[in-house]
Each structure stands twice: as C-alpha cells, then as structure tokens.
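Asker: Mind having a look at this structure? Questions to follow.
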Amino acid sequence: MAPRLQEKYYKEIIPAMKEKFGFKNNMRVPMIKKIVVNMGVGEAITDIKILEKASEELGIITGQKPAMRRAKKAIANFKIKAGVPIGVKVTLRKRIMYEFLDRLLNAALPRIRDFSGVSRNSLDEAGNYNLGITDQSIFPELDVDKITRPQGMNISFVLNSRSK
C-alpha cells in the first residue's frame, strides 16, 4: 500500500499542476527525487559516543540506518583531522521518503514552538529546498527522556525541477 502523501500527490497535485502550469506530460511536473537528512556532530571529535547516539536517533527518526560521514580534510582551527567521523546522514527515496515527509509535515513541524511556517528563501538555483531544524526532539518517534543533548539537522529536498 502506498503512503497517503504519495497517493495524494499522484491523484490530486499532479493533475492540478498540469492544468495550472500547462505541462503536457506528468514527467514535467516537479517531483521530490530524494530527501537527505544530515546531522553534523562537531563534538564527536572528542567523544565518539555522541556520534553513535546521534546515529541511533537519526535511524529512529527516518526508519533507515544512517551512514557515517568523515572529515575530508584536516582543519587545524577546529581540531579536525582527516578521516575523523564528524556526522551522519540518511538518503531517503520512494516509500520511506513519502512516509518521512508525511511525519515531518503533519507531526514534527507543528510541534515547533512559535512555528510560523518555512522560509521561501531556502530554495537554491537548481530548485532544491533546504530546511534546518535546531532540535531533534520535535519528532514524536523519539523519547524525550532518553535524549541526552539537543542536536540539530539539515533536511534537503532534492527535486527534479530545472529552476526555482
């Protein structure tokens, strides 16, 4: 069974966008190809357990095992050596992507205190959208009592559109 957000997109949104913008083909309608969720954990250079905890929490939030990201270059000012683990990321596609997006839009974002919507200025030139979240505790999947430290994340929506 397809996620409800995916069904709504194919049954309602695509026909509406084809009519509004004059697209002749369904493939011309902008579509989310993937969602990349990234957590940069700078404190992991001193304590690897912080990175392991962030990886575990990101896995619970997304439903997929995160990949560890390592530093490409050494940066002396930040005391980072090349090859040291400094973050985790997950790339979501298809069914898991739509389920995560549904939870993000309907459960997580409304839990942000004083939430007034997302910024329109976060679109880049390729038409991709980036959203920064300062605290992972907005996701209902996580037990707030087990969170040891607040950790932010960047969520990138990669679209197949050719422009803004």
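The values are calculated or read from the model by the stated rules, or taken from the named source; none is laboratory data. All of these numbers come straight from a predicted model, not from anything done at the bench. With ideal geometry, Cβ positions are generated from the backbone for all residues, glycine too; neighbour counts draw on all protein chains shown. In case anyone asks, the SASA skips ligands and DNA or RNA and just uses the protein heavy atoms, side chains included. Shrake-Rupley method; radii C 1.70, N 1.55, O 1.52, S 1.80 Å.
Asker: Among (1) more than 11 Å from residue 155 (Cβ to Cβ); (2) surrounded by 14 or more Cβ atoms within 10 Å (Cβ to Cβ), where does residue 110 come up short?
Answerer: With respect to (1) more than 11 Å from residue 155 (Cβ to Cβ); (2) surrounded by 14 or more Cβ atoms within 10 Å (Cβ to Cβ), residue 110 is out only on (2).
Rundown of residues vs (1) in contact with a Pro (Cβ under 7 Å, 6 or more places away or on another chain); (2) open to solvent by less than 60 Å² (accessible area, probe 1.4 Å); (3) at pLDDT 80 or above, yes/no style:
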{"site": "2", "(1), (2), (3)": "no, yes, no"}
{"site": "5", "(1), (2), (3)": "no, yes, yes"}
{"site": "10", "(1), (2), (3)": "no, no, yes"}
{"site": "19", "(1), (2), (3)": "no, no, yes"}
{"site": "23", "(1), (2), (3)": "no, yes, yes"}
{"site": "31", "(1), (2), (3)": "no, yes, yes"}
{"site": "35", "(1), (2), (3)": "no, yes, yes"}
{"site": "39", "(1), (2), (3)": "no, yes, yes"}
{"site": "50", "(1), (2), (3)": "no, yes, no"}
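Asker: Do any helices (runs of 4 or more DSSP H) entirely within the range 1-74 hold 3 or more residues that are farther than 28 Å from residue 160 by Cα, and if so, which?
Answerer: On the way: elements: 4-8, 14-21, 48-62.
So the answer is 48-62.
Asker: Just for the range 66-105: of the residues that are at pLDDT 85 or above and aromatic (Phe, Trp, Tyr), which one is most open to solvent (accessible area, probe 1.4 Å)?
Answerer: 98
Asker: Look through the range 96-152, keep the residues that are among the aliphatic types (A, V, I, L, M) and assigned to a loop (DSSP other than H, G, I, E, B), and return whichever of them is farthest from residue 64 (Cα to Cα). Give the derivation first.
Answerer: Of the residues in the range 96-152, the ones among the aliphatic types (A, V, I, L, M) are 96-97, 101, 104-105, 107-109, 112, 118, 123, 126, 131, 133, 138, 142, 144, 147.
After this cut, where a residue has to be assigned to a loop (DSSP other than H, G, I, E, B) as well, the list is 112, 118, 126, 142, 147.
Working: 112: 23, 118: 25, 126: 27, 142: 14, 147: 19 Å.
Here the answer is 126.
Asker: If you don't mind, another one. So, residue 59, is that one touching an Asp or Glu at 6+ places or on another chain (Cβ under 8 Å) and closer than 19 Å to residue 95 by Cα or not? Outline the logic, then answer.
Answerer: Working: touching an Asp or Glu at 6+ places or on another chain (Cβ under 8 Å): no; closer than 19 Å to residue 95 by Cα: yes.
For residue 59, the condition - touching an Asp or Glu at 6+ places or on another chain (Cβ under 8 Å) and closer than 19 Å to residue 95 by Cα - is not met.
Asker: Moving on. Any idea which of 123, 131 is touching a Phe, Trp or Tyr at 6+ places or on another chain (Cβ under 6 Å), within 27 Å of residue 28 (Cβ to Cβ) and among the aliphatic types (A, V, I, L, M)? First the steps, then the outcome.
Answerer: Values: 131 fails: touching a Phe, Trp or Tyr at 6+ places or on another chain (Cβ under 6 Å).
Selected residue: 123, the only one of 123, 131 that is touching a Phe, Trp or Tyr at 6+ places or on another chain (Cβ under 6 Å), within 27 Å of residue 28 (Cβ to Cβ) and among the aliphatic types (A, V, I, L, M).
Asker: Which of the residues that make up the range 143-156 are open to solvent by 20 Å² or more (accessible area, probe 1.4 Å) and either modelled with pLDDT of 75 or more or not basic (Lys, Arg) (or both)?
Answerer: First, pick out the residues of the range 143-156 that are open to solvent by 20 Å² or more (accessible area, probe 1.4 Å): 143-150, 152, 154, 156.
If the condition is that a residue be open to solvent by 20 Å² or more (accessible area, probe 1.4 Å) and either modelled with pLDDT of 75 or more or not basic (Lys, Arg) (or both), then 143, 144, 145, 147, 148, 150, 152, 154, 156 are the ones that fit.
Asker: Does any residue of the range 116-139 turn out to be closer than 25 Å to residue 50 by Cα, open to solvent by 50 Å² or more (accessible area, probe 1.4 Å) and more than 14 Å from the chain's Cα centre (by Cα)?
Answerer: No, there is no match, as no residue in the range 116-139 is closer than 25 Å to residue 50 by Cα, open to solvent by 50 Å² or more (accessible area, probe 1.4 Å) and more than 14 Å from the chain's Cα centre (by Cα).
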